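Novice: Okay, handing you the structure first.
The values are calculated or read from the model by the stated rules, or taken from the named source; none is laboratory data. Bear in mind that the values here come from a model prediction, so they are computed numbers and not experimental data. Cβ placement follows ideal geometry from the backbone for every residue including glycine, while neighbour counts extend to all protein chains displayed. Please note that ligands, DNA and RNA were not included when accessible areas were found on the heavy atoms of the full protein model with its side chains. Shrake-Rupley method; radii C 1.70, N 1.55, O 1.52, S 1.80 Å.
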Amino acid sequence: MLGTGGIEMRLLVVEDEPDLLAGVVRALRQQGYAVDAAADGEDGLHKAQTVDYDAIVLDVMLPRLDGWAVLARLRDAKATPVLMLTARDRTADRVRGLDGGADDYLVKPFDVAELLARVRVLVRRGRREPGVAMNLGPVRIDTAARTVTQAGATVALTAREYAVLEYLARHRGEVVTRTVLYEHLGDDSDDTLSNVIDVHISNLRKKLGATLIETRRGHGYVIA
Ligand code: CA
């Protein structure tokens, strides 16, 4: 069903509420994933650092080390796709999660079917077709490693910044609207979140130079 030619996909779930942890682990195992569980942030971080998971489901409110801290420390070393579970549906939290390198988030309480759908997307993203390198002048994107270099030097991007850059690079020469970028990132399209895209673009310009991504006022963005 997972269509991976027998390759086992391994997930980590970090959640301190025992019933929720057990329910999520069971649902994911029923889908054929190998699933490890951690009930606090320290254990979760240790497992995430030592095992190459295909995706991680990470609760925000955790004992010992909260989800933000786990994510920040994990991102020092790894680009494992991370789905954050947050109890608060506030834009500030979403922005914090996305800028902190989360790939997606889900607000509690959630349907298990929704969680499974989000995990499928993350795993697919992580297991994308063999990567290609894309060169944009001195900027080089390695889509297998999801890394970016400029004149040979590694440029540290958040997961969302990388996703925006890769999408624009894959559609080089085309104007990409903010709406299309949201859809690609899997966020809800609303006016507040439209600012989130602008923030990612602004950060990309700070890191990669002001001229790489052009603004087409009223339309969107383009890499020429
Ligand atoms: Ca919790």
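Novice: Have a look at D89, D103 and point out the one that is open to solvent by less than 60 Å² (accessible area, probe 1.4 Å) and modelled with pLDDT under 90. Reasoning before the result, please.
Specialist: Numbers: D89 fails: open to solvent by less than 60 Å² (accessible area, probe 1.4 Å).
So the residue among D89, D103 that is open to solvent by less than 60 Å² (accessible area, probe 1.4 Å) and modelled with pLDDT under 90 is D103.
Novice: From A38, A69, grab the single residue that is outside the structural domain of T143 (by TED's automatic domain parsing) and within 24 Å of A156 (Cβ to Cβ).
Specialist: Just a single option satisfies the conditions, and that option is A69.
Novice: Then there is this: Condition first: in contact with an Asp or Glu (Cβ under 7 Å, 6 or more places away or on another chain) and within 12 Å of the ligand (Cβ to nearest atom). Can you find one or more residues in the stretch 41-52 that meet it?
Specialist: There is at least one residue in the stretch 41-52 that is in contact with an Asp or Glu (Cβ under 7 Å, 6 or more places away or on another chain) and within 12 Å of the ligand (Cβ to nearest atom).
Novice: Looking only at strands (runs of 3 or more DSSP E) that fall completely inside the stretch 30-88, which ones have 1 or more residues that are among the acidic types (D, E)?
Specialist: 34-38, 55-59
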